[in-house]
Amino acid sequence: MTFTLAVSVKRVVSDQIEQEMCKTQLTKNILAHRMGTSRAAVNRLLDPENTSITLNTLEKVALALNKRLKVELA
């Protein structure tokens, strides 16, 4: 995956997380608590330029948002 593609994918993911946080009025601190991580880790998760994200982290955030994770190849 090229860097620009990785940034594009991360931007979509971080936007989806932020939209869900707004919809449910969830703060970064509460999300971090639900994920069992720090607010700094949530900030990295929401940073569209930071492309280092694991499936484990995506699963944790999905569970914290009461969502399911769906990974798809196209």
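Worth pointing out:
- Between the listed residues PRO48, LEU65, THR2, the Cα displaced farthest toward the positive end of the dipole of the chain, a dipole computed from Cβ unit charges relative to the Cα centre, is found at LEU65.
- Basic side chains Lys and Arg get +1 at the Cβ, acidic Asp and Glu get -1 at the Cβ, and with that the dipole of the chain about its Cα centre reaches some 220 debye.
- Loop sites in region 41-74: GluC sites (Glu not before Pro), DSSP, at most 11 other Cβ within 10 Å: GLU49, GLU72
- Neighbours of LEU46, meaning other residues whose beta-carbon lies under 10 angstrom from its beta-carbon, give a summed charge of 0 when Lys and Arg score +1 and Asp and Glu score -1.
- Helix-only mean residue ellipticity at 222 nm for the chain, each DSSP H run of n ≥ 4 adding -39500 (n - 2.57), per residue, nearest 500: -19500 deg cm²/dmol
- Given the alternatives [x] 3, 16, 28, 29, 15, 6, 2; [y] 3, 16, 24, 21, 14, 11, 6, 3, 1, 0, 0; [z] 3, 14, 25, 26, 20, 10, 1, P(r) over Cα pairs in 5 Å bins from 0, in percent as computed for this entry is given by [x].
- Loop-located trypsin sites (Lys or Arg not before Pro) in the chain whose Cβ has at most 15 other Cβ within 10 Å (DSSP): LYS67, ARG68, LYS70
- Karplus (6.51, -1.76, 1.60) ³J(HN,Hα), θ = phi - 60°, over region 10-20, in Hz, Gly and Pro reported as x: 5, 4, 4, 5, 5, 5, 5, 5, 4, 4, 5
Read-outs throughout are calculated quantities, based only on the coordinates presented, and are distinct from any laboratory measurement. Just so it is clear, the structure is predicted and the values come from calculations on it, not from any experiment. No Cβ is skipped: glycine too gets one built from the backbone with ideal geometry, and neighbour counts run over all protein chains shown.
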